[in-house]
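Everything below concerns the one structure shown next.
FYI, it's all coordinate maths here, none of it is from the lab. From a predicted model like this one, the values you see are computed outputs, not experimental measurements. Note that we place each Cβ from the backbone using ideal geometry, even for glycine, and neighbour counts take in every protein chain shown.
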Amino acid sequence: MTVTLRLATLADVPHFARWDTQPHVIRATSDDPDADVAFEDAVWAEEIGSDDPASTYYVAELGGRPVGAMQVIDPALERTHYWGADCPQNLRAMDIWIGEPDCLGKGLGTRMMTLAIDQAFADPNVGAILIDPLASNTRAHRFYRRLGFTFVEQRFFDEDDCFVYRLNRAGWRNGA
């Protein structure tokens, strides 16, 4: 079946809210064993309905069924300065999560990332993509390395101990 990415709409808020409480999503985004949501500060209607040009949410669909999500940001323009106030231009940062438990381990994440990476590098100004999985999320580290991301540094984002990875345009199998 074909995986597609489409822009998230307010009609997707119930999916995001449900996925936010899935144990596998929480484990991928938090080292807090007592966490009951993955994205503790997210108000999904505001996130998805935002007019922030630096942040876009997508829904991944498998045969028309919403199964996961992605956020793609321009880290230099992102208003919280999560990546730092001095973040260079011409980068993108991505977050990915498969929300439906029955869709794990089926290659959907690879297809979702491939679509998003191809889309990011379709802009000739984008030179690289950043990601920041938790240091404890060893499955994510293997996943990103398989896609060609290289380790940059271990870094704390607020209280989250993360590994930063980077994929340069030249390192992408479809890029040059």
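For the range 126-149, check the following and say yes or no: at least one residue is touching a His at 6+ places or on another chain (Cβ under 7 Å), hydrophobic (A, V, I, L, M, F, W, C) and free of Cβ contacts under 8 Å to residues at least 60 places away in the same chain. Scanning the range 126-149, I find no residue that is touching a His at 6+ places or on another chain (Cβ under 7 Å), hydrophobic (A, V, I, L, M, F, W, C) and free of Cβ contacts under 8 Å to residues at least 60 places away in the same chain, so the answer is no. Restricted to the range 74-124, and to residues that are of a type in the set (Val, Ile, Thr) and touching a Gly at 6+ places or on another chain (Cβ under 9 Å), which residue is nearest to residue 52 (Cα to Cα)? Filtering first and then ranking leaves 96. Of the residues making up the range 1-28, those that are among the polar types (S, T, N, Q) and either in contact with a Pro (Cβ under 9 Å, 6 or more places away or on another chain) or in a loop (DSSP other than H, G, I, E, B) (or both) are 2, 9, 21, 22. Among the residues of the range 24-48, those that are in contact with a helix residue (DSSP H, G or I) (Cβ under 8 Å, 6 or more places away or on another chain), within 18 Å of residue 160 (Cβ to Cβ) and surrounded by fewer than 17 Cβ atoms within 10 Å (Cβ to Cβ) comprise 24, 35, 36, 37, 42. Scanning the range 60-95 for residues that are over 15 Å from the mean Cα position of the chain (by Cα), assigned to a loop (DSSP other than H, G, I, E, B) and at negative phi yields 76, 77, 79, 80, 85, 86, 87, 88, 89. Of the residues making up the range 49-80, those that are of a type in the set (A, V, I, L, M) and buried (at least 20 other Cβ atoms within 10 Å of the Cβ) are 59, 60, 67, 69, 70, 72, 73. The set of residues in the range 99-146 that are more than 18 Å from residue 57 (Cβ to Cβ), part of a helix (DSSP H, G or I) and basic (Lys, Arg) comprises 139, 142, 145, 146.
Just so you know, in the range 127-170 the residues that are basic (Lys, Arg) and crowded, with 17+ Cβ neighbours inside 10 Å include one that is farthest from residue 106 (Cα to Cα), and it is 169.
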